[in-house]
Amino acid sequence: MSGEEEKLIKDQSTDKNYWDAVIILNVIDSIDPEAKITAKKFRNRFRRAFKLEERSCKSETIDKIISHCESYLKNLSDIDEVFTKDLFTVIRDNILVILSDHVMLETSAKLSIDQDEMFIKMKASEENLMVQADIDEYLLQMKKRDEENYDFQEVPPYGAFEKHESKGLLIKKKFAEYFKRYDENSIEKPTGSLFQQKDRIRLIYSMLCGAMNVGYMKSIGIFKDFMPLSEPYYLSRLENDWGNFKLLLKNPFHTQDRETIRNYFGEKVAIYFCWLEFLMRSMIAIGLISIGLTIVFFIFDDVEDSNKKITPGEIVCLSLALILPIFSTVFEQLWLRHQNELSWRWGTSDLILVEDQRPEFVGRYIKCPITGKIKKVQKESRWLWLRRTISVTIVGTFVSLVFAAITALFLYRSTLDPDSNGPLILGIANAIQIKIFNFIYVYVAKWLNDWENYEYPSQYTDSLTIKLFLFQFVNSYISLFYIAFVKRHLEGCNDDNCIDELTLQIATIFITNMLLNFVEIFVPMIMTKIDVWREKRESEEKFGIEQELSEEEKQAKLCNYDTPLSDYMEVVISYGYVIIFGASFPLTAALFLVLIIVEIRVDAWKLCTLTRRPFPDTADSIGVWFYIIQIMSVVGAITNIGIIIFTTDVLEIEESTYKWLVFMMFEHAILFFKVSVSLLIPDVPDQIMEGKSWGSRVVNERLYGKVADIEKVCEIRNLRFTHHKEIHKHEDPKDNN
């Protein structure tokens, strides 16, 4: 550990005002200042904000906030109608009461420099964190014992925390003794807190959601956001050793500290970067092969041989058409194993996603007969199918616009001189068109998703992912499919061979996209600077002096980072150029390797510098993206074989029937290979299977007293088998009659 890091740890550990998270409340509301509601609605909305309808028991704090609401209404001269802005004021005033008196959080409230927002910093005591962890059955990792030296014991198991010793079990011990402890910087030490900062952030947010209806207050504009605060020690390490562009020159294949990434950003972000690194290392061999095949092509392409029937370029295409499906299949199966290992190490193998309703979900409030809680149910559910149908129609319309744009580009290309730079111009124009359409469609897809009114975040995210991917798949690849399989029959190609034009088109689009992606990183930087400048200017206009933003205000002005959806999309679409069309442009694999190396560093720098610290969400996999990659792999296998059979003359087959027969043979053989590999390589390594079984037994024994050893169970419970003669001795003689 460097001297600078030691100083940072010392300074942070002595800082008594170190906070974990902040909630941001709106002070100036966008509602009509003359808008009014009835006193009955005032009471109902107030009760809904603090979940008063769900509370069967009252407390001193709850009675206090209810009295505050009622006394406010009694002081009004006209109780029939109340200003809506006054409802916001009463709710906002009681949030601090709930936080400090009911949830028992330590808080510090402060207005922004232009006084349009209120920042409430929060932290919780160890005792209260344990209470919430017990309520949530929060998983914590157990300590590793010296005698645990087997491979499957490498990862200590995770168990649900309970604050007090359990009653009625055979073994009664305090659970806290079994779990790891950490210092202020989330570094493991013999004494300290049971919780790392990511645990504290999750538990504090759980406290908030238990005490107030965060989603409802977001929907009415009081609650603006919940923001985890940065942790100086970890952020400094990540900025120096991860989100640093110097590593591109120093060590392009730098191994990421995945545990630090996970502890700071949570498992959902960490698994994305683990996938990126795994993809990068897997692409090294394919990148080198593609470079080698390209060199072979250029060396032997100049050698004149009137007897040769197959050109070097065709040999390269054939080689890659067979190599790429094999690579993609092995990559998918090995990643699946690695993903299962990560979820085992991180304690998310048996993750059960418990979600709250989206604040934006529109519905009517009812008391759920299953849970007994107040929840929203779908309004006008009979019209839901119509909304989905209209949404599909709009998506289809945008896909039609893509076809129209591609048609226009190729019509323009036909007007150019065949010997000019027409194909190059077409490729650049196509790449720009792809970016423009993708940019517009993102907003359309989000609007459609909101309109479809999904109830839970996972439903919303999966639907948005599928909408975006299907459109971008068509938008990115349709021109390439056209050149590969259609253009010869409609327009014709030079020398009746479209492979050269396909190669140029892929190269142009791929390289142009790489350059345009680099430009995108400057947009959030500029937007952040504009927001800070606007905040300072408004403060100066109100108070006549320019003030500096507090640390939490500076973090709030950074761009939000909800999920790595757009980052996944960018990488997966680029991966498609390799897997689907790599046979026609060998250098695509090498260029993609370079893109991944740069992408890791750009995304890391963006998270450390340009965006807020995201909520540390848990995740056990890359989710729906794995299935998307599998589908692309199948499409790629079929497409590459199709390019060899129908676009090039490698096999010199003239008859269309024979071409289709050979295509079906190759295609079936590759698909059979993909299925065989998935069956031969287990999804879960033996070490993990054994480790999970062992971990389950350890948790049951140490925490719940459920001894697995049969002899010990018999000894503890005084269980033994007896001879049938002993049974008869104790039987009542009357029973024999």
Fill in: Test: residue 111 is surrounded by fewer than 16 Cβ atoms within 10 Å (Cβ to Cβ), within 19 Å of residue 212 (Cβ to Cβ), aliphatic (A, V, I, L, M) and under 34 Å from the mean Cα position of the chain (by Cα)
no
Worksheet item: Which residue out of 575, 627 is surrounded by fewer than 17 Cβ atoms within 10 Å (Cβ to Cβ), assigned by TED's automatic domain parsing to the domain that holds residue 505 and within 23 Å of residue 332 (Cβ to Cβ)?
Response: 627
Practice prompt. Name the one entry in 591, 595, 610 that is in contact with a helix residue (DSSP H, G or I) (Cβ under 7 Å, 6 or more places away or on another chain) and closer than 21 Å to residue 335 by Cα.
Written response: 595
Worksheet entry | Pairs with Cβ under 8 Å, 6+ apart, first in segment 455-479 and not assigned by TED's automatic domain parsing to the domain that holds residue 514, second surrounded by 17 or more Cβ atoms within 10 Å (Cβ to Cβ) | none
Item to complete: Assess whether residue 605 counts as being in contact with a helix residue (DSSP H, G or I) (Cβ under 6 Å, 6 or more places away or on another chain), of a type outside the set (A, V, I, L, M) and closer than 30 Å to residue 284 by Cα.
Response: no
Discussion item. Please go through segment 1-48 and give me each residue that is under 29 Å from residue 126 (Cβ atoms) and either touching a strand residue (DSSP E or B) at 6+ places or on another chain (Cβ under 9 Å) or at pLDDT 50 or above (or both), ordered by number.
Written reply: 17, 18, 19, 20, 21, 22, 23, 24, 25
Worksheet item: Out of segment 672-685, which residues are touching a residue at least 12 places away in the same chain (Cβ under 8 Å) and not in a loop (DSSP other than H, G, I, E, B)?
Response: 673, 674, 677, 678
Fill in: Residue identified as modelled with pLDDT under 85 and either assigned by TED's automatic domain parsing to the domain that holds residue 505 or in contact with a helix residue (DSSP H, G or I) (Cβ under 9 Å, 6 or more places away or on another chain) (or both) among 425, 394
425
Fill in: Condition met for residue 100 (surrounded by 18 or more Cβ atoms within 10 Å (Cβ to Cβ) and of a type in the set (Ser, Thr, Tyr))
no
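Report yes if some residue within segment 495-511 is among the hydroxyl-bearing types (Ser, Thr, Tyr), modelled with pLDDT under 90 and touching a Gly at 6+ places or on another chain (Cβ under 9 Å); otherwise report no.
Within segment 495-511, one or more residues are among the hydroxyl-bearing types (Ser, Thr, Tyr), modelled with pLDDT under 90 and touching a Gly at 6+ places or on another chain (Cβ under 9 Å).
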Response to the item:
Scanning segment 605-627 residue by residue, the ones that are at pLDDT 90 or above, among the aliphatic types (A, V, I, L, M) and either part of a helix (DSSP H, G or I) or within 23 Å of residue 502 (Cβ to Cβ) (or both) total 2
Worksheet entry | Selection count, segment 208-232, where residues are out of contact with any strand residue (DSSP E or B) (no Cβ under 9 Å at 6 or more places or on another chain) and either buried (at least 21 other Cβ atoms within 10 Å of the Cβ) or among the aliphatic types (A, V, I, L, M) (or both) | 3
Worksheet item: Scanning for something part of a helix (DSSP H, G or I), loosely packed, with under 14 Cβ neighbours inside 10 Å and within 36 Å of the chain's Cα centre (by Cα), does segment 83-93 turn up at least one residue?
Response: yes
Worksheet item: Does residue 635 satisfy the criteria of being crowded, with 19+ Cβ neighbours inside 10 Å, under 21 Å from residue 584 (Cβ atoms) and not polar (S, T, N, Q)?
Response: no
Item to complete: Go through (1) modelled with pLDDT of 90 or more; (2) of a type outside the set (Phe, Trp, Tyr); (3) in the same structural domain as residue 585 (by TED's automatic domain parsing) and name the single condition residue 251 misses.
Response: (1)
Fill in: Some residue of segment 655-671 being in a strand (DSSP E or B) and among the β-branched types (Val, Ile, Thr)
no
Response to the item:
All conditions in (1) hydrophobic (A, V, I, L, M, F, W, C); (2) free of Cβ contacts under 8 Å to residues at least 40 places away in the same chain; (3) in contact with a helix residue (DSSP H, G or I) (Cβ under 7 Å, 6 or more places away or on another chain) are true of residue 249 except (3)
Fill in: Only one of 530, 580 that is under 18 Å from residue 632 (Cβ atoms) and of a type in the set (Val, Ile, Thr)
580
Discussion item. Taking the condition of being among the small types (Gly, Ala, Ser) and surrounded by fewer than 22 Cβ atoms within 10 Å (Cβ to Cβ), how many residues in segment 267-286 meet it?
Written reply: 2
Practice prompt. Give me a count of the residues in segment 259-269 that are touching a Pro at 6+ places or on another chain (Cβ under 9 Å) and part of a helix (DSSP H, G or I).
Written response: 7
Fill in: Residues that are modelled with pLDDT of 75 or more, in a helix (DSSP H, G or I) and either surrounded by fewer than 22 Cβ atoms within 10 Å (Cβ to Cβ) or in contact with a strand residue (DSSP E or B) (Cβ under 9 Å, 6 or more places away or on another chain) (or both), drawn from segment 478-494
478, 481, 482, 485, 486, 487, 488, 489, 490
Item to complete: Tell me which residues, restricted to segment 638-654, are outside any loop (DSSP other than H, G, I, E, B), surrounded by 19 or more Cβ atoms within 10 Å (Cβ to Cβ) and of a type in the set (Val, Ile, Thr).
Response: 639, 641, 643, 644, 645, 647
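The values are calculated or read from the model by the stated rules, or taken from the named source; none is laboratory data. Being a predicted model, the structure only gives us computed values, none of them experimental. No Cβ is skipped: glycine too gets one built from the backbone with ideal geometry, and neighbour counts run over all protein chains shown.
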